[in-house]
Amino acid sequence: MLANHKNDSPPQEQPIDLGYYFHLVKKRWFSISLFAFLCTAIGVLVALSITPTYRATATLLIESSQNRAISIEEVVGIDTRAKEYYLTQFEILKSNQVAQRVIDKLNLDQVAEFNASIIKKEPSALNKLKSQLLSHPLIEPYFLKDEEVEPSLLEQQEAINRSILKKFKSRLTISPIRKTQLVKISFESKDPELAAEIANAVGLAFIENNLESKLLATEQATEWINEGVQDLKQKLIASEQALLTFLQQQKLIDDSGIIALTSSELSNLTNRIAEATDERIEAQALYNALRHNNNRDLASLGANALISNHPQILSIRLAESNAEKEVSELSERYGPKHDKMIQANAQLKSIQSRADQLIRKLVSGVKKELSSAKEQEQLLKNELLNKKEEFRALSVVKSEYDALKREVESNAKLYDLFLTRQKETSATSDFSVANARFSDYALVPEFPSKPNRKLIVVATLVASVGLAIILVLSLDAFNNTITSARDFENKLGLLPTGTIPLVKAKQYKNKPIDAKVFYNKNFLAFQESIDSIRTSLYLSFPKAERKLLAISSSVPGEGKTTTAINLAQSFARLEKVLIIDCDLRKPSIGERFGLSNSHPGLTNIMLMNTPLQECIATISTSDVDVLSAGMLVPNPQELLSSKAFEKLLTHLTGKYDRIVLDTPPILPVKDAFIIGKFTQGILLVVKANSTTRSVYKHTMALFTKHQITIDGVVLNQIIPPKKGTHTYSQYAYGNHKS
């Protein structure tokens with residue numbers, strides 16, 4: 001309830017009220033059902049009008065590896081171990097070549113389902129008239145230049161073939177089964193037997209196409225091998241003849257011993273040169289040692305290793321050593337002039353003299369040996385150079401021989417390989433293994449696959465119901481007005497003080513509702529709603545400190561005057577009540593109670609000092625005292641804000657228990673806020689399905705700006721629920737007859 005509610009507190013976010021939306025859908029169930037029924041009926045008609053289509057499916061097993069009868073397939077075939085092998089086979093199944101093979105085999109170009117051109121259509125009357133006009137002699141010359149050349153028969157047939165192929169492929173579905181070597185071939189047709197026949201024909205066409213490809217490859221390979229065999233045979237004969245001619249020219253039988261003999265001679269010469277070099281080096285060293293030791297004694301020569309190892313030097317050294325030993329022994333025993341000493345010294349000198357002669361002879365002999373060694377070494381080196389030149393010449397001959405021999409061997413190997421392949425291909429040229437086989441042949445379908453009439457109808461029903469619900473919710477979301485108390489709470493997050501139902505009566509169709517409706521037994525729901533608002537207001541003012549109750553609305557025509565009149569009559573059942581018409585611009589209270597327009601009222605009291613008892617009219621039928629607006633004045637705001645008006649209200653509060661003031665609308669003029677300062681609050685009336693949220697929020701903003709308390713909000717002209725509906729509202733309870 002909005003009683004005594006201050007607008008300075010910020011609004012809080014309200015949770016989504018699912019019950020509100022359920023109630024909204026429930027309220028529109030008839031419209032939703034009608035829309036769904038119409039859409040479903042259309043869906044049934046569409047489903048029945050669709051020509052049934054049958055779907056036949058064959059299952060094909062694609063072999064991963066085949067038994068190769070000939071090895072040439074490894075050259076011209078596809079590697080079945082490759083990961084892309086199965087994807088390649090699937091694409092071949094979808095290819096135009098396989099499809100065209102089936103079309104030609106089954107003569108589908110003669111089937112009306114694929115070739116619409118075989119159905120001859122009569123030209124329309126418009127086309128006949130056009131052709132007659134164009135063929136007229138007066139008109140034909142003007143259109144002859146611009147007339148398009150008709151396509152030739154070949155082009156027309158090509159267009160028809162493309163159309164047939166396109167339709168065929170659009171109805172063909174190739175779907176591999178995951179993690180298997182199986183593939184499903186499905187075809188859709190209006191004829192179930194034709195669908196099964198085409199599905200099987202596609203599989204057979206794929207197998208035949210593969211076999212033909214292999215046979216064609218085999219034929220091409222055979223032709224290529226035969227040509228290669230003849231060419232290689234000629235090359236082999238030519239290379240053998242070239243080798244034979246070379247051997248004759250070189251006077252050779254074969255290449256055995258050519259390299260071995262030369263290599264052996266070179267090795268021997270190299271060894272002999274090494275030995276001669278060693279001898280020459282030894283002789284050179286000995287010669288140098290002897291030549292540099294001509295003036296030295298035997299002992300110093302003996303210190304040289306090259307001299308000391310010579311046999312003659314060794315014997316001289318031994319003789320000299322013995323002579324020296326004998327001289328040494330005799331010198332200990334005899335004197336130098338002793339005969340033995342003299343003889344021993346003479347013998348030692350003789351040996352030393354012979355040693356000198358021996359060294360001179362040895363030097364002369366070593367010189368001759370050195371010269372001989374040098375000459376022999378040089379001769380061997382010259383011989384080695386000659387042999388190397390001879391070896392180079394033989395190497396060239398060997399290289400030429402090897403090249404000719406390799407060519408012969410290479411040609412022979414290729415010739416043998418091609419000859420073997422030729423014999424294999426010739427022996428198995430009429431044999432090939434299929435790369436696929438049927439796991440299941442397509443059977444004639446018993447029931448059509450399309451359309452699924454039940455699914456279409458159910459989907460249409462569900463979609464139409466969903467669409468209708470979405471439309472209802474969308475219209476409510478875009479509806480900026482307030483339709484009910486629950487709508488008020490859902491959109492504004494507040495509870496209204498009460499609601500007043502719409503009064504539907506012929507007498508009030510073209511005129512406003514008067515004061516008599518409150519006591520009319522035909523409008524019990526209306527009376528109950530007024531009494532409910534009165535009770536809510538009593539609860540809002542428990543201490544009865546406030547006797548003034550101002551009633552206004554945002555804009556004209558929301559029912560503020562009707563609410564004020566009937567609320568005053570409801571209060572009059574319990575207490576003494578006065579209703580004052582403060583709408584000095586467009587007064588209507590007096591007219592609603594049956595008073596004349598000339599009856600004195602509020603303005604007469606304030607401006608002309610008319611006695612109060614002459615202005616206040618007592619309505620006997622409703623127990624309500626009425627103070628009408630009186631005569632029209634040019635300055636209503638100055639009058640309402642005057643001290644006289646305040647003094648009058650103070651005087652009247654002492655005589656009445658409740659004073660109801662009908663004030664002008666808030667948005668057009670600000671008279672209501674002037675009165676609200678005196679009454680300490682205003683009861684706001686909002687018309688259902690008319691007042692928008694923006695208008696209401698603008699009004700609330702003005703209340704906050706002028707610091708006026710809202711005593712509550714009354715939602716007027718609510719459309720009551722239909723009879724038979726279950727809803728928790730005061731209308732159902734008020735209309736219930738026990």
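Each reported figure results from applying straightforward, stated rules to the coordinates on display, with no laboratory input. This structure is a prediction, so every number in the text was calculated from the model and none was measured. All Cβ positions, glycine included, derive from the backbone under ideal geometry; neighbour counts span all protein chains shown.
Computed quantities for the displayed model
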{"quantity": "Rg and Dmax [Cα atoms of segment 641-701; Å; Rg one decimal, Dmax integer]", "calculated": "14.0, 41"}
{"quantity": "Phi to ³J(HN,Hα) by Karplus 6.51 cos²θ - 1.76 cosθ + 1.60 over segment 329-334, Hz, x for Gly, Pro", "calculated": "5, 6, 5, 7, 9, 10"}
{"quantity": "Residue-by-residue Karplus 3J(HN,Hα) for segment 344-356, coefficients 6.51, -1.76, 1.60, Hz, glycine and proline x", "calculated": "5, 5, 5, 5, 5, 5, 5, 5, 5, 5, 5, 5, 5"}
{"quantity": "Over 32 Å between alpha carbons, listed pairs K325/K374; K105/K450; K586/K705; K26/K687; K94/K179; K233/K388", "calculated": "K325/K374; K233/K388"}
{"quantity": "Net charge dipole size for segment 590-718 [Lys, Arg +1 and Asp, Glu -1 on Cβ; Debye, nearest 20]", "calculated": "540"}
{"quantity": "Residue-by-residue Karplus 3J(HN,Hα) for segment 697-712, coefficients 6.51, -1.76, 1.60, Hz, glycine and proline x", "calculated": "5, 5, 4, 5, 5, 5, 4, 5, 4, 8, 6, 10, 7, 8, 6, x"}
{"quantity": "Base-10 log of normalised Debye intensity for segment 535-688 (one unit scatterer per alpha-carbon) at q = 0.09, 0.17 Å⁻¹", "calculated": "-0.24, -0.95"}
{"quantity": "By average C-beta atoms within 10 angstrom, highest first, the peptides 597-609, 640-652", "calculated": "597-609, 640-652"}
{"quantity": "Long-range HN-HN contacts of L683 with modeled amide H, under 5 Å", "calculated": "A550, I551, S552, D711"}
{"quantity": "Positive-end residue, segment 327-426 charge dipole about Cα centroid, Cβ charges, pick of I342, G365, L417", "calculated": "I342"}
